[in-house]
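Novice: The structure that follows is given in the form of structure tokens.
The values are calculated or read from the model by the stated rules, or taken from the named source; none is laboratory data. The structure presented is a predicted model; accordingly, all values stated were derived computationally and were not measured. Cβ placement follows ideal geometry from the backbone for every residue including glycine, while neighbour counts extend to all protein chains displayed. Just the protein is used for accessible areas: all its heavy atoms, side chains included, with ligands, DNA and RNA removed. Shrake-Rupley method; radii C 1.70, N 1.55, O 1.52, S 1.80 Å.
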Amino acid sequence: MQNDTRTACLKRLSRIEGQVRGLSRMVEEERYCIDIVTQVAAVRAALKKVEEEVLRDHVAHCVAHAFHSGDAEEQRAKVSELIEVLGKLR
């Protein structure tokens, strides 16, 4: 992972960690259900952004490297890996 992507992801994950702690407090305090569900959706959206950044970095560097290397086996492996992970993201 590239340093700028790693830094951005770590910063975002720290915020998500705080959001999750806030969710725990909301549940402990028996806050309104819709408010909790709204915050859960916000956490999921934030995690989705991290997922997108990591995937973008992977394609831009790891997959691109495989194609520039000319190694057909490595290229097939990276494409298979992408197809598998994209299937799980649906």
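Novice: Mind pulling the angle between the C-alpha long axis of helix 33-57 and the longest principal axis of the chain? Nearest 10 degrees, somewhere in 0 to 90.
Specialist: 20 degrees
Novice: Taking Cα atoms, how many degrees apart are the long axis of helix 3-28 and the longest axis of the chain, rounded to 10 and kept between 0 and 90?
Specialist: Compared with the principal axis, the helix lies near 30 degrees.
Novice: Starting from the residue with the highest accessible area, list 81, 28, 53 in decreasing order, probe 1.4 Å. Could the numbers behind the result be given before it?
Specialist: Values: 81 85, 28 145, 53 65 Å².
Ranked list, largest accessible area first: 28, 81, 53.
Novice: Looking at 37, 87, 72, which one has the Cα that reaches farthest to the positive end of the dipole of the chain (charges on Cβ: Lys, Arg +1; Asp, Glu -1)?
Specialist: Going by the charge dipole, the pick is 37.
Novice: Show 48, 78, 11 ordered by accessible area, largest first, where the area counts protein heavy atoms only and the probe is 1.4 Å.
Specialist: Details: 48 95, 78 45, 11 125 Å².
I get 11, 48, 78, largest accessible area first.
Novice: Tell me, what HN-Hα J-couplings in whole Hz come from the Karplus equation 6.51 cos²θ - 1.76 cosθ + 1.60 at θ = phi - 60° for each residue of the range 80-90, using x for Gly and Pro?
Specialist: Result, rounded to whole Hz: 4, 4, 5, 4, 5, 5, 5, x, 6, 7, 6.
Novice: Once all Cα-Cα distances of the chain are split into 10 Å bins that start at 0, what whole-number percent is in each one?
Specialist: Bin by bin from 0 Å, the calculated values are 15, 32, 27, 16, 7, 2.
Novice: Could you put 57, 35, 4 in order of accessible surface area, largest first, with the 1.4 Å probe and the full protein assembly present?
Specialist: Numbers: 57 15, 35 65, 4 115 Å².
Heavy-atom accessible area, descending, gives 4, 35, 57.
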